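The values are calculated or read from the model by the stated rules, or taken from the named source; none is laboratory data. Computed from a predicted model, the values in this text were never measured in an experiment. Every residue, glycine as well, gets a Cβ built from its backbone with ideal geometry; the counts of neighbours run over all protein chains shown.
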């Protein structure tokens, strides 16, 4: 009894601490790939396509999380830039199991704003499309940029 | 007796503090966020470049005469020709903006010109020298889809036409501009 007393008391105190959750992880299943692009011809990758960015988030089922993107304005190569745009509906989120990219449960989200949603039994899938606009005299070559996705539990 | 109680009490408190701090650390760790950095990629094909190889010139092989129409075909010394370079095997569209008249150097006198539906020539073999190719006749107002050919990544386009000086045409040099625009279909 005496040995268990500290644990009981500590557990009681712990009731006032944030709920203990499993840590969430973010992984990328697919990169956002525009493939070959022609000078002067804008190219769009829609969020429902195989070329869209796909993130897989795992963690505690039914826990609420926020998603925050850090998005680039340009793709770059040595000596050249190319504008990249993301519209206010270029992101989709789905918590169903299995996930449905063609008809996600939380569709047309703005990737420039914080997105709040709950993890499902299989976590979350997040898809992101975008558009690049090469100039008429765009320098030939391979361009790239990075997207950062931050996922945070809200505690709700 | 009091001292024993105090020691026990201190031990209990210290254990509670250790366990509680431990739980707090765990809780702190699991609410930390997670980040992932992903790459966006795209490969830009070579930009289209149009160069004039030689101008369409009705005076090659002899000047124009008043009241005598003169035509230049797509395989003659006076044929105009352009070279378009870009990415091999990609489809492009090209469009001519053709003049209706040649003008003298002060813009007061003019010579009528016209272009028939076979006055353009197209070569998709990738040959970089337009003088060495056999052009296929095409409509200069509808060149259609052109596929950039071969290792030299070129499309050759020729332009002929007919000039019709009037019976009272004033002598002199007459010129006009032909504009050729090309763009990728994007497929």
In this structure, does residue A:81 turn out to be surrounded by fewer than 22 Cβ atoms within 10 Å (Cβ to Cβ), on the phi > 0 side of the Ramachandran plot and part of a strand (DSSP E or B)?
no
Matching residues, the stretch B:87-99, being surrounded by fewer than 18 Cβ atoms within 10 Å (Cβ to Cβ) and in a strand (DSSP E or B)
B:91, B:93, B:95, B:97
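Could you look through the stretch B:174-187, keep only residues that are assigned to a loop (DSSP other than H, G, I, E, B) and at pLDDT 95 or above, and pick out the one that is surrounded by the fewest Cβ atoms within 10 Å (Cβ to Cβ)? Give the derivation first.
As a first pass, look at the stretch B:174-187 and keep what is assigned to a loop (DSSP other than H, G, I, E, B): B:174, B:176-178, B:185-187.
Filter once more, keeping what is at pLDDT 95 or above: B:174, B:176-178.
Details: B:174: 20, B:176: 15, B:177: 9, B:178: 18.
Checking each candidate, the answer is B:177.
Take residue A:105 and decide whether it is out of contact with any strand residue (DSSP E or B) (no Cβ under 8 Å at 6 or more places or on another chain), modelled with pLDDT under 95 and more than 14 Å from chain B (Cβ to nearest Cβ).
Details: out of contact with any strand residue (DSSP E or B) (no Cβ under 8 Å at 6 or more places or on another chain): no; modelled with pLDDT under 95: yes; more than 14 Å from chain B (Cβ to nearest Cβ): yes.
When the stated conditions are applied, residue A:105 does not pass them.
Considering B:102, B:146, which residue is assigned to a strand (DSSP E or B) and modelled with pLDDT of 95 or more?
Working: B:146 fails: modelled with pLDDT of 95 or more.
After ruling out the rest, the residue left standing is B:102.
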I want to confirm something. Restricting to the stretch B:32-82 and keeping residues that are touching a residue at least 24 places away in the same chain (Cβ under 8 Å) and within 11 Å of another protein chain (Cβ to nearest Cβ), which single residue is surrounded by the fewest Cβ atoms within 10 Å (Cβ to Cβ)?
B:49
Please go through the stretch A:52-71 and pick out each residue that is under 30 Å from residue A:140 (Cα atoms) and surrounded by 17 or more Cβ atoms within 10 Å (Cβ to Cβ).
A:52, A:53, A:54, A:55, A:69, A:71
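Take the conditions surrounded by fewer than 20 Cβ atoms within 10 Å (Cβ to Cβ), at pLDDT 90 or above and not in a strand (DSSP E or B) and apply them to residue B:116. Does it pass?
Working: surrounded by fewer than 20 Cβ atoms within 10 Å (Cβ to Cβ): yes; at pLDDT 90 or above: yes; not in a strand (DSSP E or B): yes.
Answer is yes for this residue.
Go through the stretch A:1-51 and give me each residue that's part of a loop (DSSP other than H, G, I, E, B), at the interface with chain B (Cβ under 7 Å from one of its Cβ atoms), at pLDDT 55 or above and more than 18 Å from the chain's Cα centre (by Cα).
We begin by selecting, within the stretch A:1-51, every residue part of a loop (DSSP other than H, G, I, E, B); these are A:1-4, A:15-24, A:31, A:38-42, A:46-51.
Cutting the leftovers down to at the interface with chain B (Cβ under 7 Å from one of its Cβ atoms) gives us A:17-18, A:20-24, A:31, A:38-41.
So of that shortlist, the ones also at pLDDT 55 or above come out as A:22-24, A:31, A:38-41.
Those that are part of a loop (DSSP other than H, G, I, E, B), at the interface with chain B (Cβ under 7 Å from one of its Cβ atoms), at pLDDT 55 or above and more than 18 Å from the chain's Cα centre (by Cα): A:22, A:38, A:39, A:40, A:41.
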